[in-house]
Amino acid sequence: MPTPADGAATAESVFSEIFRTHQPGVYAYLLGRLGDPEAARDLLQDVFLRVWRNLDEVRSLPTHRRHAWIFTVARNLVTDAYRSRATRRATTQALASLVTHTAPPPDEPHTRAESAELLNAVTRAVRSLPEELRVILAMHVVGELTSAQIGEALGQPAGTIRYKLARARQALAAQLAIPPEPGMEVGR
Amino acid sequence: MTDPTERPQRETPIPPAFENVEQALEMWAQAVRLPAAELDAMQHRIMAEPRASTARATAAPRGDATPSGALPATWWRDLARHVTDVIVQVNRPPVVPGFTWST
């Protein structure tokens, strides 16, 4: 017969599994929507706090519906965040402050400066993408989700996601003056 | 002919271009990914919070609803105070500079 202690341990292990499975994709989605790692981290915690508080409901869902539940919460929280003036301000500043909380590699000063300059260039290029492309790119690159997984989360076919990923890469290449690669892989 | 007193100017280093988009994206991803230690700390902070079912079973009722769904007495008291405040505000005559109410 399960004791209350068993139940608590089970809840924590179930939550850990859900957190480990869904955190990368949800964080990447929030990063793409908000553009600001700090704001994305705060909302990530809010999303999973809701998962924890409603764990009995979430754990009873089949995997695909659990995924949809979590992303719906994330979408709603982003909508709320957009309504907040403070978050909007942070969003407009977006990734501009990224370099300040990125640990520099232990290199020579001029190498660090070059790295920061390069990172700033990439950051500006990513920020300049349309939000939809930025979200998909972040989910693929930062969240390491496949086109099919991104499509499931955003309600779009995997082929559409692959097409948009290719467009995002082309836009980035143009921004960073990188010559286009023939036969570039557009998605997994 | 160059001036021997003139100090040689340092050339501004030109950042090397990325070889491909993947290289640039990997740099960005590494910069924005959350560290594992931070994720662990976040997970533990969340799990320290009471769950809905746990809160209903163990915690004293706070907020708008009691475990049975009925509103607590403090909620009604606060509502009564709020309504009283609104009535007082609504019935207060507007303050217009240079104007006095007279009968």
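Is it true that A:ALA40 is within 11 Å of another protein chain (Cβ to nearest Cβ), surrounded by 22 or more Cβ atoms within 10 Å (Cβ to Cβ) and either without any contact (Cβ under 8 Å) to a residue 24 or more places away in the chain or of a type in the set (S, T, N, Q) (or both)? So A:ALA40 passes the test. Within the range A:26-84, the set of residues being touching a Lys or Arg at 6+ places or on another chain (Cβ under 9 Å) and among the charged types (D, E, K, R) comprises A:ARG33, A:ARG53, A:ASP56, A:ARG59, A:ARG66, A:ARG75. The residues on offer are A:ASP46, A:ASP56, and the sole one that is free of Cβ contacts under 8 Å to residues at least 24 places away in the same chain, within 11 Å of chain B (Cβ to nearest Cβ) and either out of contact with any strand residue (DSSP E or B) (no Cβ under 8 Å at 6 or more places or on another chain) or part of a helix (DSSP H, G or I) (or both) is A:ASP56.
All of B:THR12, B:THR84, B:THR100, B:THR74 fail the test of being modelled with pLDDT under 90, away from chain A (no Cβ under 14 Å), more than 24 Å from the chain's Cα centre (by Cα) and outside any helix (DSSP H, G or I), apart from B:THR100.
The values are calculated or read from the model by the stated rules, or taken from the named source; none is laboratory data. Keep in mind the model is a prediction, meaning the values are calculated, not measured. With ideal geometry, Cβ positions are generated from the backbone for all residues, glycine too; neighbour counts draw on all protein chains shown.
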